[in-house]
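The values are calculated or read from the model by the stated rules, or taken from the named source; none is laboratory data. This one's a predicted model, so the numbers in the text were calculated from it and none came from an experiment. Neighbour counts run over all protein chains shown; Cβ positions are idealised from the backbone, glycine included. Surface areas here come from the heavy atoms of the whole protein model, side chains and all, with no ligands, DNA or RNA. Shrake-Rupley method; radii C 1.70, N 1.55, O 1.52, S 1.80 Å.
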Amino acid sequence: DLFTLYRSHFLAVCGELERRNTGIRWNAFSRVDTISPEVVETMARAGCQAICFGVESGSQEILDLVKKKSNLAKVKEAMRMTQAAGISALASFIIGLPGETEESLRKTVEFANELHSEFGSLYGFHILAPFPGTEVRKRAAEYGLEILTDDWTKYDANHVVTRTKGASTEAIQRVADEYDDTMQRYLAYQDHLFAKDQLPAFERKMYLRRLRQQLLWKLLLDDVVEGLPAFRGDAVAGLVSAVADAASVKPEFAAAELDRKIR
């Protein structure tokens, strides 16, 4: 979960990937206080294409309360260094943290937008899901956090399962819904530009990566291949057609990705 925490291990893994020159492209999770120009340049040489940082909040008060040991200036500097090394920087936020208020929610949305406008960093919002055994659940009352349900099917970071004195469930859900709506519009616009071959090089790269990830998750989670009957005739053509239909992608894209996965 924190690849850059132990320096010797991190350097050993990256060094071996670079030495073997496998061509493998990979992503990692990190924390802004473990990043330096040397770290991101080492990761880039080893094939890293994206780093996701747990930023959590755009409010310094919230970061201090949850003991993040970070500040917003460090976040921006980490994003700048990562993008400068040719690695995509992603910011992950958690809404509904202890001490959350409607004001801190607004600050988080504004800070996420700042990262995108200044560095091109993508970001995502997740809703707090305090599992048993975590400090935030054990000390929920002390943190002013009210646990609303023990229905574990809702503990997927997409449902509001807590509230604070300063942020109602409606306020938290509204931020999540507005983000989802924005993402849907953004993705639809990318579909439009891609179809017209008008996506800039970097966005095209990210767009194709997203399509590949969606296709891979479809294959892994839905048993698409395992559920197919035996093919008569050209088995490869039959497989490509079935995967393209199941994943709603063009046959040529399915063929290229299946070839990548098989190789």
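Observations on the model:
- Applying the criterion of being charged (D, E, K, R) and surrounded by 14 or more Cβ atoms within 10 Å (Cβ to Cβ) to the residues of the range 204-263, the residue that is farthest from Ala188 (Cα to Cα) is Glu257.
- Evaluation of Glu41 against (1) within 21 Å of Thr169 (Cβ to Cβ); (2) out of contact with any strand residue (DSSP E or B) (no Cβ under 6 Å at 6 or more places or on another chain); (3) surrounded by fewer than 18 Cβ atoms within 10 Å (Cβ to Cβ); (4) in contact (Cβ under 8 Å) with a residue 40 or more places away in the chain (one fails), failing number: (1)
- Near pairs, Cβ below 8 angstrom, 6+ apart or cross-chain, from the range 234-254 (assigned to a helix (DSSP H, G or I)) to any residue that is of a type in the set (Phe, Trp, Tyr): Gly238/Phe231; Leu239/Phe231; Ala244/Phe253
- Beta carbons closer than 6 Å, at least 6 apart along the sequence or on distinct chains, pair a first residue in the range 155-171 that is in a helix (DSSP H, G or I) with a second that is among the aliphatic types (A, V, I, L, M) for Thr169/Val160.
- When the range 13-34 is filtered for residues that are surrounded by 15 or more Cβ atoms within 10 Å (Cβ to Cβ), assigned to a loop (DSSP other than H, G, I, E, B) and among the β-branched types (Val, Ile, Thr), nothing remains.
- For the range 144-184, the set of residues classified as open to solvent by 60 Å² or more (accessible area, probe 1.4 Å) and touching a Gly at 6+ places or on another chain (Cβ under 8 Å) consists of Arg163, Lys165, listed by residue number.
- Note on the range 100-129: among residues that are part of a loop (DSSP other than H, G, I, E, B) and at pLDDT below 95, the one that is surrounded by the most Cβ atoms within 10 Å (Cβ to Cβ) is Ser121.
- Which listed residue, of Ala85, Ala91, is within 30 Å of Lys261 (Cβ to Cβ), open to solvent by less than 20 Å² (accessible area, probe 1.4 Å) and small (Gly, Ala, Ser): Ala91
- Condition check for Ala141: of a type in the set (A, V, I, L, M) and open to solvent by 80 Å² or more (accessible area, probe 1.4 Å): yes
- Here is the figure for the range 46-74: residues that are under 21 Å from Ala84 (Cα atoms) and in a helix (DSSP H, G or I) total 3.
- Given (1) surrounded by fewer than 17 Cβ atoms within 10 Å (Cβ to Cβ); (2) closer than 27 Å to Ala201 by Cβ; (3) more than 21 Å from the chain's Cα centre (by Cα); (4) modelled with pLDDT of 95 or more, index of the condition Gln60 fails: (2)
- Here Phe10 clears all of (1) part of a helix (DSSP H, G or I); (2) crowded, with 19+ Cβ neighbours inside 10 Å; (3) of a type outside the set (S, T, N, Q); (4) modelled with pLDDT of 95 or more except the condition numbered (4).
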